[in-house]
Amino acid sequence: MWPRLKNRVMPWVVRSVVALTVASLFWWVPARVEMTSFIMMERTEQLERVDNGIFYSTPWRVIYALKYERLTQREVEKLADNMQHLDCVATDSGVPNIVLIIGESHNKHHSAIYGYSLPTTPWQNEMAEQGLMVAMRDAVTPWNVTSSVFKEMMSTHSCDQHGQWTDGVLFPALMRKAGYRVGFITNQFYKTNRQTSANYNGSFFLNNQPFDSLCFDYRNVKHYLYDIGMLKEMESQSQNKSFVMLHLMGQHQPYDERLTKQGHIFSTKDIKRKDLSEDERRVVADYDNATWENDRVLKAVYDRYKSREAVIIYVADHGEEVYDGKIGMFGRNHMAEPTLEIMWAEFEVPMEVFVTPALKKNRPWILAALKEAENTPFAIDDMPHLIMRLGGVQTKYYDKERDLLSPNFQVRQRPVKGGVATYEEIMKKKERK
Ligand SMILES: [Zn+2]
């Protein structure tokens, strides 16, 4: 009896095991391919975009961390090689005070200065009317991720060039070598990698001891609930030449947390969007209020310099979705294929250059060159060349074809998201309705 039963049952057992094995391979193999693909990655900005959800177990998290550590180490070593002997000459022609304010998650289309219907930027509009500010109309960021933008904007290498950001040098070190006292005041990054893991991505290269010493004379150790508090960290500006990078929390979500007591200017009644729910209109109103708060911060910084000869550049690291298009969301969308709508909301960025009355009087060429460049397509990873020009820095790393103020500036295609496409290619597909 048993042998007969065995002969009948066993083939079915074998078939079932084979069928289950084949079926499970269809699930198992793609899952493993996705999990292991990051091992082949060569750049930290790629690694940062890996979907964290697939690392559900401790061993995979450890492997990921080791990979990340190895890549950051490699990038830091490459930069260190490049920065061993910085060639740089100071000249007397530099603007004495230069400030680079780096905003956060600023959708320019929610700024009145760029045509938004609500008065979210009263001070910026006033400055433009007085002829003390030029708003660049066509500035684009290469990434919609803070840390990646930082790498590209701090490096003299640009995204449309062969190689990667570590093939350049960090331009604050050149400013310092040219005699500027350089400060970095950030309301996001910490001065040490140990304080937070999320911060590691953003500033690992700035916290590396040799680069920290090469680039900066001083940094802040405290963070502030509101960006306006960071002004306490700015020095009294007694130096002859000063370059300060001020990195804001800006309009980072949650938007209502950016609002001081004065900051509740707009309410849901002001958001004339019948297609949105009350909650969604609340989000938009909070965002617009955060943009209004940002305007106050820019004014406060300017006021500290207005009696001096100074240029203050404001640029956002990237934009933000605020329920504007069909995408129907707020925050940022990190889908692999960036669309025209994502370009509009997240990659077009505000870039404004403010000058003080003393600068306007003593160096009229700067304002004239800014007005000339107002509508010129500009990629913000070329920022180092503009700032080095303002600083009168003479170095082989300065490229006049990337300097927005130079008559030799060359308009280029602007790669986004590590070169998956250019802004121009995406915008060509169809005009926004
Ligand atoms: Zn950001």
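Say a paramagnetic label sat at a point 7 Å from the Cα of residue 236, along Cα to Cβ; which residues of segment 299-337 have their backbone N under 11 Å from it? Answer for this model: none. Residue ranking by accessible heavy-atom surface, 1.4 Å probe, largest first, among 313, 327 comes out as 327, 313.
Once the Cβ-Cβ distance of residue 375 and residue 4 is raised to the sixth power relative to R0 = 60 Å, the FRET efficiency obtained is 0.10. On the beta carbon distance between residue 209 and residue 14, with R0 = 56 Å, the FRET formula returns roughly 0.35.
Near residue 394, the amide H atoms lying under 5 Å from its own belong to 89, 91; only residues 5 or more places off or on other chains count, and H is placed 1.01 Å from N. The modelled label-to-label distance for the pair residue 81/residue 69, using points 7 Å beyond Cα in the direction of Cβ, is 2.3 nm. The residues of segment 90-429 have, on average, 38 Å² of accessible surface per residue, using a 1.4 Å probe with all protein chains present. In order along segment 61-75, the Karplus-derived 3J(HN,Hα) couplings, from 6.51 cos²θ - 1.76 cosθ + 1.60 at θ = phi - 60°, round to 5, 5, 4, 4, 4, 5, 4, 4, 4, 5, 5, 4, 4, 5, 5 Hz, and Gly and Pro are given as x. Inter-label distance, residue 37 to residue 138: 3.4 nm, where each label sits 7 Å from its Cα along the C-beta direction. Can you work out the FRET efficiency for the pair residue 394 and residue 264, with r the C-beta to C-beta distance and R0 = 41 Å, to the nearest 0.05? Efficiency, rounded to the nearest 0.05: 0.25.
Think of the chain as a dipole: +1 on every Lys or Arg Cβ, -1 on every Asp or Glu Cβ, centred on the Cα centre; then among 249, 205, 390, 205 lies furthest on the positive end. With everything on Cα atoms, drop me the angle between helix 2-37 and the longest principal axis of the chain, reported from 0 to 90° to the nearest 10. Value to nearest ten degrees: 10. Bridging of residue 269 to lysines at a Cα separation below 26 Å is possible for 108, 261, 326, 433, once same-chain residues fewer than 8 apart are set aside.
Proximity of backbone amide H atoms, modeled 1.01 Å from N, is registered between residue 331 and 321 at under 5 Å, excluding neighbours fewer than 5 places apart on the same chain.
Residues in segment 270-280 carry Karplus couplings, in order, of 7, 8, 7, 10, 5, 6, 9, 6, 4, 5, 5 Hz; the curve used is 6.51 cos²θ - 1.76 cosθ + 1.60 with θ = phi - 60°, and Gly or Pro positions show x. Residue separation of residue 129 and residue 117 scaled by 0.36 nm, minus their Cα-Cα distance, works out to 2.6 nm of gained length. Under the definition of Cα pairs under 8 Å and six or more residues apart, what whole-number percent is the relative contact order of the chain? Result for the chain is 25 percent. Solvent-accessible surface of protein heavy atoms, probed at 1.4 angstrom with all chains present, puts 283, 18, 416 in the order 18, 283, 416, largest first.
For segment 210-224, putting each phi into the Karplus relation 6.51 cos²θ - 1.76 cosθ + 1.60 with θ = phi - 60° gives couplings of x, 6, 4, 5, 5, 8, 10, 8, 8, 9, 8, 10, 9, 10, 10 Hz, in residue order, rounded to whole numbers and with x for Gly and Pro. Working note: Debye formula, equal point scatterers on the alpha-carbon atoms of the chain, no solvent; log10 I(q)/I(0) at q = 0.09 Å⁻¹ is -0.59.
The values are calculated or read from the model by the stated rules, or taken from the named source; none is laboratory data. All figures in this text were calculated on a predicted structure; none of them were measured in a lab. Quick reminder, even Gly has a Cβ in these numbers, built from the backbone with ideal geometry, and neighbours come from all protein chains shown. Remember, those area values only see protein heavy atoms, side chains included, never the ligands or the DNA or RNA. Shrake-Rupley method; radii C 1.70, N 1.55, O 1.52, S 1.80 Å.
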